[in-house]
Amino acid sequence: MVRSQHKLFIFFGTGALLASLAAPLKVFGTGVSPEVAVAATSTTPQINIVQAIVLGIVQGLTEFLPISSTAHLKVVPVALGWGDPGVAFTAVIQLGSIAAVLWYFWGDLVQVTTGAIKAIRTSNYESQDFRMALGIVFGTIPIVFFGLLIKIFIPDFDNSPLRSVQSIAIASIVMSLLLGLAEQVGKRKRNFEQLGVMDGVIMGLGQAMALMPGVSRSGSTLTTGLFMGLERATAARFSFLLGIPAITLAGLVELKSVLEEGLGDAGMVSLAIGVISAAIFSYLSIAWLLRFLQTQSTWVFIWYRLVFGVAILGAIATGLLKNV
């Protein structure tokens, strides 16, 4: 009971802190020029409460399921006639997913951290906690490295053709085929206790693939884990733990950009509701997926991604959906 209350305190405390960081920039003084401020508000639509709840649900359900949150946050609101919610809104509500994953895996994080520190003090470098911590650290390096390369060589990546709806659809189809292949050839014999440092590095390379919109961080790491011979639930759990630094870093980077450019017209109430909605449904999706993969395969996600990608390409071809 005490542990549950402690986790709830951490969850809501983290959510409140992240939401407060997204407060209007006028309070802190951003130095943003009037021209930039006008541009930000003119390109970001007003998000009402219902839309914020729905977009939070979409973010929460798709961030940790292997189906790509980026793809759904871009396609769903456009398909519903709401238009693109904008980078600012989607970046801020992603913070709800960060709070959820920290909440769900808080016990694991404490155990790995304290266990790794103890292992260093006692020179017990064969400790499972130490190997896990090292795997997470080294596994985070690839996505940071390639992310920095993208920032350097493609400074306007957010507006590049690689982020178009058509590119997202193609990425979804390709990843469905790769996940299907991994499901077929994966041995699924290795459990959580058998993970090592190199597993973190290899899965980290798979995670870096998610820098391409539509790939899905969860999808790419789960696919990599299956190719590595991990059990499905083990691959998913390790994926979530490995994703904590990556998701947090990505959220903070996006938040920095939002704080510099302005929050636009989204509205603070809608933003707060979107964050809370994303946090709740992120937590539920994590819990559900881990239970689901203990007894079921990933074929439901494979077929979903394939149909999703083909449907988008068909909608673009028929003019029902713009390739924005």
Please go through segment 74-86 and pick out each residue that is of a type in the set (A, V, I, L, M) and crowded, with 22+ Cβ neighbours inside 10 Å. V75
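Condition check: buried (at least 20 other Cβ atoms within 10 Å of the Cβ) and out of contact with any strand residue (DSSP E or B) (no Cβ under 9 Å at 6 or more places or on another chain). Does Q184 satisfy that? Can you show your working first?
Working: buried (at least 20 other Cβ atoms within 10 Å of the Cβ): no; out of contact with any strand residue (DSSP E or B) (no Cβ under 9 Å at 6 or more places or on another chain): yes.
No: the conditions fail for Q184.
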Conditions (1) open to solvent by less than 40 Å² (accessible area, probe 1.4 Å); (2) touching a strand residue (DSSP E or B) at 6+ places or on another chain (Cβ under 8 Å); number of the one not met by A169: (2)
Of L148, L109, L95, L102, the only residue that is within 30 Å of L55 (Cβ to Cβ), part of a helix (DSSP H, G or I), open to solvent by 70 Å² or more (accessible area, probe 1.4 Å) and not hydroxyl-bearing (S, T, Y) is L148
Residues in segment 24-57 that are modelled with pLDDT of 50 or more and open to solvent by 20 Å² or more (accessible area, probe 1.4 Å): how many? 9
With respect to T122, is the statement that it is farther than 28 Å from K322 by Cα, at pLDDT below 95 and open to solvent by 40 Å² or more (accessible area, probe 1.4 Å) true? yes
Considering residues that are surrounded by fewer than 14 Cβ atoms within 10 Å (Cβ to Cβ) and in a helix (DSSP H, G or I), the number found within segment 151-162 is 6
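Table: residues versus (1) of a type in the set (A, V, I, L, M, F, W, C); (2) at negative phi; (3) over 20 Å from the mean Cα position of the chain (by Cα); (4) at pLDDT 95 or above.
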position	(1), (2), (3), (4)
V75	yes, yes, no, no
A88	yes, yes, no, no
F157	yes, yes, no, no
S164	no, yes, no, no
M175	yes, yes, no, yes
L178	yes, yes, no, yes
Matching residues in segment 236-245 - criterion: being touching a residue at least 40 places away in the same chain (Cβ under 8 Å) and open to solvent by less than 10 Å² (accessible area, probe 1.4 Å): A236, F238, F240, L241, L242, G243
Looking at (1) open to solvent by less than 10 Å² (accessible area, probe 1.4 Å); (2) more than 18 Å from G186 (Cβ to Cβ), which is the only condition Q207 fails? (2)
Could you say which residue among A287, A279 is in contact with a Gly (Cβ under 8 Å, 6 or more places away or on another chain), assigned to a helix (DSSP H, G or I), touching a residue at least 12 places away in the same chain (Cβ under 8 Å) and within 30 Å of N191 (Cβ to Cβ)? A279
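Which one of these is without any contact (Cβ under 8 Å) to a residue 12 or more places away in the chain and either open to solvent by 70 Å² or more (accessible area, probe 1.4 Å) or assigned to a helix (DSSP H, G or I) (or both): G274, G314, G309?
Matching residue, one of G274, G314, G309: G314.
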Can you name every one of the helices (runs of 4 or more DSSP H) wholly within segment 163-231 that holds 3 or more residues which are over 19 Å from T248 (Cβ atoms) and without any contact (Cβ under 8 Å) to a residue 60 or more places away in the chain? 165-185, 217-227
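Counting only residues that are part of a loop (DSSP other than H, G, I, E, B) and of a type outside the set (G, A, S), which one in segment 125-144 is most open to solvent (accessible area, probe 1.4 Å)?
First, the residues of segment 125-144 that are part of a loop (DSSP other than H, G, I, E, B): 125-127.
Subsequent filtering for residues that are of a type outside the set (G, A, S) retains 125-126.
Details: Y125: 111, E126: 142 Å².
Among those that are part of a loop (DSSP other than H, G, I, E, B) and of a type outside the set (G, A, S), it is E126.
The values are calculated or read from the model by the stated rules, or taken from the named source; none is laboratory data. Note that the structure is predicted; figures quoted are calculated from it, not measured. Backbone-built Cβ (ideal geometry, glycine too); neighbour counts: all protein chains shown. Only protein heavy atoms, including side chains, enter the accessible area calculation; ligands, DNA and RNA are left aside. Shrake-Rupley method; radii C 1.70, N 1.55, O 1.52, S 1.80 Å.
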